[in-house]
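First the structure, in the form of structure tokens, and then the observations on it.
The values are calculated or read from the model by the stated rules, or taken from the named source; none is laboratory data. Nothing here was measured: the structure is a model prediction, and the numbers come from that model. Don't worry about glycine lacking a Cβ; one is built from the backbone with ideal geometry, like all the others, and counts go over all protein chains shown. Quick note on the areas: whole protein, heavy atoms, side chains included, nothing else; ligands and nucleic acids left out. Shrake-Rupley method; radii C 1.70, N 1.55, O 1.52, S 1.80 Å.
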Amino acid sequence: MVTGLALAGAALLMSGCDVANSEEGASFALQVTSDGGAQSLTSEVQLILLLTVLALAPAIMVLMTGFVRVVVVLSVLRSAVGVPQLPPNQVVIGLSLFLTFFVMQPVWSQVDQQALQPLLDGEIDQSEATNRAMEPVRGFMFKQVRESDLGLFIHMAQLPQPRNEADVPTYVLVPAFVISELKTAFQMAFVIYIPFLVIDLVVGSVLMAMGMMMLPPVMISLPCKLLLFVLVDGWHLLARSLVVSFVG
């Protein structure tokens, strides 16, 4: 995709430029012509907008999908178990991305059917495709956002009381969705932390009762927490809980 965009940008620039070789052949002059008029200017603006969207794609991926909830829960799990370096960050980010792809697949299928394919077939223009593409994404965010968080940003934006979802601007919906996702993620993280915290307390109390003050409790609690996580098939339960949290 990046190569295609580069080629398209080069073709666009070369289409409005005339290169003339000098008599000596040692130099050349680059002259920009106005052939194409408004149509050429519109194409250049569209290219700039496309590149801007691609630059913002990571932020869109992070803030308008379920990625925030997944990555926060997985990161807290590492701290709860007691091994902050394992799994590595690349594994956590990769697993979060693929779980996000799994959760968002129905939404992206709607975007492809309602916006992308009609745009590629020439049935609709880019503006209509953008509006159609936002409908499934906004629907997903509305299912996950809390009314209190949405009301907070509506109040701070000094907007009138919306009658339906269509009256809520996207710039209001996105931050409300993000803080809702963070709250949900921290609630799930708290529940995950409890059993590992109990193991730490039990191990610390037992060692203190036995008078083993010099033995670090983590040397005993860490294997116990890892064993517990493996015995209950923790990764299976965690992945299931994350996916179900979006469906429910």
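For this structure, a couple of remarks:
- Filtering the range 203-222 to residues that are open to solvent by 80 Å² or more (accessible area, probe 1.4 Å) and either at pLDDT 85 or above or not in a helix (DSSP H, G or I) (or both) leaves 210, 213, 214.
- Odd one out for residue 129, checked against (1) open to solvent by less than 30 Å² (accessible area, probe 1.4 Å); (2) in contact (Cβ under 8 Å) with a residue 24 or more places away in the chain; (3) within 21 Å of residue 59 (Cβ to Cβ): (2)
- Checking each residue of the range 236-244 against the condition of being of a type in the set (S, T, N, Q), modelled with pLDDT of 85 or more, surrounded by 12 or more Cβ atoms within 10 Å (Cβ to Cβ) and over 18 Å from residue 79 (Cβ atoms) gives no match.
- Remark: residue 225 falls outside the filter, which requires a residue to be among the basic types (Lys, Arg) and either loosely packed, with under 15 Cβ neighbours inside 10 Å or not in a helix (DSSP H, G or I) (or both).
- For the range 144-170, the set of residues classified as part of a helix (DSSP H, G or I) and either surrounded by 15 or more Cβ atoms within 10 Å (Cβ to Cβ) or touching a residue at least 12 places away in the same chain (Cβ under 8 Å) (or both) consists of 144, 149, 150, 152, 153, 154, 165, 170, listed by residue number.
- Taken together, 80, 115 contain a single residue that is without any contact (Cβ under 8 Å) to a residue 24 or more places away in the chain and in a helix (DSSP H, G or I), which is 115.
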